[in-house]
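Engineer: Next up is a structure, given as structure tokens.
Each reported figure results from applying straightforward, stated rules to the coordinates on display, with no laboratory input. Everything numeric here is computed off the predicted structure, so don't read it as measured data. When we count neighbours, we look across all protein chains shown, and the Cβ atoms used for this are built from the backbone with ideal geometry, even at glycine.
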Amino acid sequence: MTSLPNTIADNGGARVERQPLSRNLLATKAQYLLTYGTSAVLMVCGLIVYRLASQQFSDVSFAQYTLMRRSISFLVPLLMAGLGVGIAKCVAQTIASAKHPATGLQFLTAGTFAAFASAGLWMGATTLYPQQVSYLCTGSGEYAALVQSLAPMLLGLLLSACSTAYLRGRMHVSTANMLRVVSLGVVPIAVLSSVDEPTSFFSHCGLTVIAINAVALITILLANRTRAWWPTWQTSRKLLSISLPRVPGDLAFYGLLVIPATLAAHRFGIRTGGEVAYALSLLALAQQIVVAPSYLLLPEASALLSSGQRDRVASRVKKLVCVTTGCTIVLVMIVELLAEPLIRLHLGSSTPSVAQAIRLLMPAAIPLNAAICVRGVIDAANDKPIMPRICLVALASFVLLALIPWPARWGATPTLVAFDASVLLLGGLALWATLQALNDSSRPDSDKIDQAT
């Protein structure tokens with residue numbers, strides 16, 4: 001196996017010998033391009049799904065669909081409990097260590113069992129308290145059947161996140177991207193073309209994604225030809241020690257992307273909430289610009305930092321932030337100038353309130369994408385949950401601004417402006433934390449992996 005040469009690197013004034021690091025643990029330009037291509041495909045699929053939903057569903061059903069999609073984007077990270085970061089980081093560190101040739105299967109199976117447990121909690125909550133959960137998600141207790149239909153969708157997405165995190169940790173980028181395209185792009189389009197209401201869509205789509213990822217997980221286990229895949233107490237504890245402290249931060253980050261729509265639905269009705277949710281969904285599509293660096297930097301930076309190569313991480317981060325920020329700025333300018341025709345092209349019709357919501361929210365894509373781009377480096381460089389703390393600060397700032405008693409005639413505008421301000425704070429703090437992490441002379445504590453494998 002080809003490995004990088006041993007060199008002597010200056011690390012905060014101390015001379016540190018770099019450890020040999022397999023090139024298989026570093027993302028190539030082709031893998032970055034492939035991941036960008038995957039992001040582009042998923043963005044197109046997302047646009048197609050919304051167009052089909054607007055044609056298949058009534059206005060009220062479409063508002064329910066967009067609001068549930070925003071709820072899913074919040075619930076998946078919450079129920080995932082940081083396992084995506086934990087699995088990818090632990091697998092990358094395990095393989096990067098010359099002392100441990102283990103493949104990290106135990107981290108994958110431990111995460112999979114935890115995903116089943118999390119999905120079970122959601123099913124229990126929606127079964128025992130359907131009206132209450134419906135009220136939290138939609139502002140009304142009338143949609144209990146709708147929130148209950150999310151259970152298979154959530155489990156499928158949790159399984160997909162576990163399997164792709166493991167593949168990322170091993171830098172099997174092509175396989176991970178293919179699984180993402182099928183689970184997140186192809187399946188929703190195929191299912192949506194055959195249903196006419198949101199409840200059927202979420203249940204049928206979820207069951208299909210579960211089946212696909214169950215096959216993927218079984219294939220991974222069989223391909224490794226080892227019986228040492230059952231998680232031990234040590235591997236489970238290691239995984240949870242990395243994953244669980246990130247739950248509050250994930251809750252804050254994805255809550256920040258959902259609460260504006262939920263708040264608008266509570267204050268001004270589900271139609272207004274659906275409009276804000278649609279605008280936030282376009283903001284989420286803009287995040288595809290930074291999916292590639294965010295997707296690959298976590299395992300890559302974990303491997304590089306564990307071998308003392310901070311300078312290479314800093315060089316990659318600088319280039320990626322500059323490129324992704326430039327692309328995001330161009331996209332924001334296009335949307336700001338052509339909001340109405342783009343909405344008509346996407347949905348077939350446009351309203352001034354939707355266009356206004358999009359124009360108010362799209363500038364937030366610039367600091368938001370910057371934060372997403374560098375969060376993998378922050379997580380790789382720190383065992384402490386630095387990024388989650390930043391997310392909590394941003395969410396607290398949004399809540400404080402949104403709770404100010406603005407005049408009712410201003411509608412949802414103050415809520416959207418509060419969102420922009422909090423995301424700007426999020427981006428600034430994330431960039432500052434990245435600089436601090438890369439300038440820190442201390443290496444991350446990767447020695448704990450020894451006890452877990």
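Engineer: With equal scatterers on the alpha carbons only and no solvent term, can you work out the Debye log10 of I(q)/I(0) for the range 23-442 at 0.06, 0.12 1/Å?
Structural biologist: -0.23, -0.97
Engineer: What full-extension length gain, to one decimal in nm, is calculated for Lys319 and Ala421 as 0.36 nm per residue of separation minus the Cα-Cα distance?
Structural biologist: Numbers: separation 102, 0.36 × 102 = 36.72 nm, distance 2.59 nm.
Answer, rounded to one decimal: 34.1 nm.
Engineer: Relative contact order for the range 23-442: what percent, with Cα pairs under 8 Å and sequence separation of 6 or more? Could the numbers behind the result be given before it?
Structural biologist: Numbers: 628 pairs, mean separation 93.1, N = 420.
Relative contact order, the range 23-442: 22 percent.
Engineer: I'd like the trypsin sites (Lys or Arg not before Pro) in the range 208-301 restricted to DSSP loop residues with at most 13 other Cβ atoms within 10 Å, sorted by number. Don't skip to the answer; put the middle values down first.
Structural biologist: Details: sites: Arg225, Arg227, Arg237, Lys238, Arg246, Arg267, Arg271; in loops: Arg225, Arg227.
When the trypsin sites (Lys or Arg not before Pro) of the range 208-301 are filtered for loop state and at most 13 Cβ neighbours within 10 Å, Arg225, Arg227 remain.
Engineer: Now for a separate question. Over the Cα atoms of the range 247-388, each weighted equally, I'd like the Debye log10 I(q)/I(0) at q = 0.11 Å⁻¹, rounded to two decimals.
Structural biologist: Debye curve over Cα of the range 247-388, log10 I(q)/I(0) at q = 0.11 Å⁻¹: -0.50.
Engineer: Past the 17 angstrom mark, what percentage of all C-alpha to C-alpha distances in the range 385-434 do you count?
Structural biologist: On the way: 465 of 1225 pairs.
When every Cα pair of the range 385-434 is considered, 38 percent fall beyond 17 Å.
Engineer: Continuing with the same structure: About the Cα centre, and with charges only on the beta carbon of Lys, Arg (+1) and Asp, Glu (-1), how big is the dipole of the range 230-333? Nearest 20 debye, please.
Structural biologist: On the way: 10 positive and 4 negative charges, 51 e Å.
With Lys and Arg at +1 and Asp and Glu at -1, about 240 debye.
Engineer: Full-extension gain between Leu33 and Gln132, please, as 0.36 nm times their residue separation minus the C-alpha to C-alpha distance.
Structural biologist: On the way: separation 99, 0.36 × 99 = 35.64 nm, distance 4.46 nm.
Gain in length upon complete extension: 31.2 nm.
Engineer: Also: Where Rh is the Kirkwood radius over the Cα pairs of the range 29-181, the temperature 4 °C and the viscosity 1.567 mPa s, what D in µm²/s does Stokes-Einstein return? List each step's numbers first, then the result.
Structural biologist: Details: Rh = 17.3 Å.
After rounding, the answer is 75 µm²/s.
Engineer: For a label point 7 Å from the Cα of Arg267 along Cα→C-beta, name the residues of the range 383-420 whose backbone N is under 12 Å from it.
Structural biologist: Label zone hits: 399-419.
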